[in-house]
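For reference, the structure is listed below as structure tokens.
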Amino acid sequence: MQYFKYHNSELYAEEVNLVELANQVETPCYVYSRGALEENWQAFHNAFAETPHRICYAVKANSNIAILNLLARLGSGFDIVSQGELERVLAAGGNPQQIVFSGVGKKSSEIRRALEANIYCFNVESPLELTRLNTLAQEQGVIARIALRVNPNIDPQTHSYITTGLKENKFGINIDQVAALTDTILSLPHLRWIGIACHIGSQLTTLDPLLSSLDKLIELYETLRDKKIPLTHINVGGGLGIRYKDETPPTIDHYVQAVRDRLGKLPLEIILEPGRAITANTGILLTRVEYLKSSHDKNFAIVDAAMNDLMRPALYQAWQDILPVVKTTTGEEKQYDIVGPVCESADFLGKNRLLTLQPGDLLAISSAGAYGFSMSSNYNSRPRAAEVLVDKDIFHIIRARETIRDLFALESPIG
Ligand SMILES: *Cc1c(COP(=O)(O)O)cnc(C)c1O
């Protein structure tokens, strides 16, 4: 279903008019749709049907407590990469038994806390992490369940900054080294080896790399099974892309069906860690035009959101659609660069967009529900945007706009 659409030339989130919302909450603000969020999660869950599975939403894509809470209520699991994300999931009512912990640099304090919370599985990314985890589990008198995150050396054909499964990337353990590690793992008494995992990159728009890495995991699973190491799950990671512009990624259903086909009758649980595919198209960033100006052959629309609010365009030249909140038929259509107030030339949200604009107009940056707010910063001492969740005809402020005081509340001059 379309959760952001026009009625009589005005853009709505579900049944909420975005002009009215912006007048009340002010801009910039993120607006998410509950309906879209739940539909995306359910699409993953339902496509698996009877196949044993766990959908562990990748918290870093959008970690607002209200979003995590809605997913927890659906029965979602969570993929975390820090103690901060662990505490968010617990505060949101997430089930610790549905948490997997990824990341190359887990600190001892973070591991201790995760052991105490009794999370489902640690996705271990290096041999040294194995011994550290074993020691910490021993100190706490517990057994840690682990999966090895392997690096399958597969090119996901995506932006180099979001490629994670090539041998030059820092993530995971080289898949060819796993055989040599098995004796070590089995000799560590406070570890229980239950799975193998990978995550090769993000915004993947073809199935091939995802299925090739699954094939490599299945092959490894079979090798280990023949050595009497009975793993219970394979974790294929996240990475499924969405349509920002003209990409044609596989649908969630198509992707999950392909995974199920590959799996056949193997007695395995499948874990997926989707982030972007669940939240990206559930959100927009609302911003207001402050100034228009032209220089030489360029037209600039200077808006009140900036790269600190939405970093993807500056960081990886990402393209996100920019829609007028009120469609107008009067005035002159021009090519605009949509830029923010931050003092960097990388501070743009979109370039060469054909729009009819007046100062004060509202714009909606599409597909901003993933890696939007969660990557935002206070650069240029800008308070971070408010976040709003729309549920049919009502909206909730799920994160208040930061205040100027918040910016330096933790700072003090020396005495
Ligand atoms: C970022 C990440 C994900 C989610 O990736 P998406 O492309 O948003 O689906 C999943 N697993 C791990 C280990 C990650 O680092």
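What follows draws every value from the coordinates through simple rules; no lab data is involved. As the structure is a prediction and not an experimental result, all values here were calculated from the model. Every residue, glycine as well, gets a Cβ built from its backbone with ideal geometry; the counts of neighbours run over all protein chains shown.
A DSSP coil position with no more than 15 other Cβ atoms inside 10 Å describes the following trypsin sites (Lys or Arg not before Pro) in segment 304-412: 327, 392.
Over 25 Å apart at the Cα level, from the set 5/351; 5/298; 167/245; 245/293; 167/216, are 5/298; 167/245; 245/293.
Counting only GluC sites (Glu not before Pro) that DSSP places in a loop and that have at most 11 other Cβ atoms within 10 Å, the longest clean stretch of the chain runs over 169-331.
Looking at the chain, the DSSP beta bridges with both ends there are about 50 percent antiparallel. Legend: ranking of residues 330, 27 from fewest to most surrounding C-beta atoms inside 10 Å; resulting order 330, 27. On the basis of the beta-carbon distance and an R0 of 25 Å, residue 46 and residue 169 show a calculated FRET efficiency of 0.15. Over all pairs of different C-alpha atoms, segment 84-161 has a mean inverse distance whose reciprocal, the Kirkwood radius, equals 13.6 Å. Exposure proxy for 286, 128: other Cβ atoms within 10 Å of each Cβ, ordered fewest to most, give 128, 286. Were the residues from residue 337 through residue 109 laid out at 0.36 nm apart, the gain over their Cα-Cα distance would be 77.5 nm. Between residue 379 and residue 228, the FRET efficiency from the beta-carbon distance, with R0 = 60 Å, is close to 0.65.
With springs only between Cα atoms under 10 Å apart, run a GNM on the chain and tell me which of 123, 153, 308 wobbles the most. Among 123, 153, 308, the largest GNM mean-square fluctuation belongs to 153. What's the FRET efficiency of residue 411 with residue 266 using the Cβ-Cβ distance as r and R₀ = 56 Å, to the nearest 0.05? Efficiency at R0 = 56 Å is approximately 0.55. Note on the chain: Cα-Cα pairs beyond 33 Å make up 37% of the total pair count. Here is how the number arises for the chain: DSSP H runs of 4 or more residues each give -39500 (n - 2.57), the sum is divided by the residue count, and the result at 222 nm is -8500 deg cm²/dmol. Here the Gaussian network model covers the chain, with springs between Cα atoms less than 10 Å apart; of 294, 377, 82, 294 fluctuates the most.
The slack between residue 402 and residue 215, meaning 0.36 nm per residue of separation minus the straight C-alpha distance, is 62.7 nm. Here's the picture: charge each Lys and Arg Cβ at +1 and each Asp and Glu Cβ at -1 in the chain, and of 174, 67, 25 the one pushed furthest to the positive end of that dipole is 174. The Cα center of segment 9-35 and the Cα center of segment 68-98 differ in position by 27 Å.
Fewest neighbouring Cβ atoms within 10 Å first, the residues 356, 287 line up as 356, 287.
Using a Gaussian network model of the chain in which every pair of alpha carbons under 10 angstrom is joined by a spring, one finds that among 159, 190, 296 the greatest mean-square fluctuation is at 296. Once a ≥ b ≥ c are taken as the square roots of the eigenvalues of the Cα gyration tensor of segment 34-277, is the result rounded (a/c under 1.5), prolate (a/b larger than b/c) or oblate (a/b not larger than b/c)? Taking the square roots of the gyration eigenvalues as a ≥ b ≥ c, segment 34-277 is oblate. To the nearest whole percent, what portion of all C-alpha pairs in segment 221-358 is separated by more than 23 angstrom? Here the long-distance tail beyond 23 Å is 53 percent of all Cα pairs in segment 221-358. Label sites at residue 91 and residue 290, each approximated as a point 7 angstrom past Cα along Cα to Cβ, lie 2.9 nm apart.
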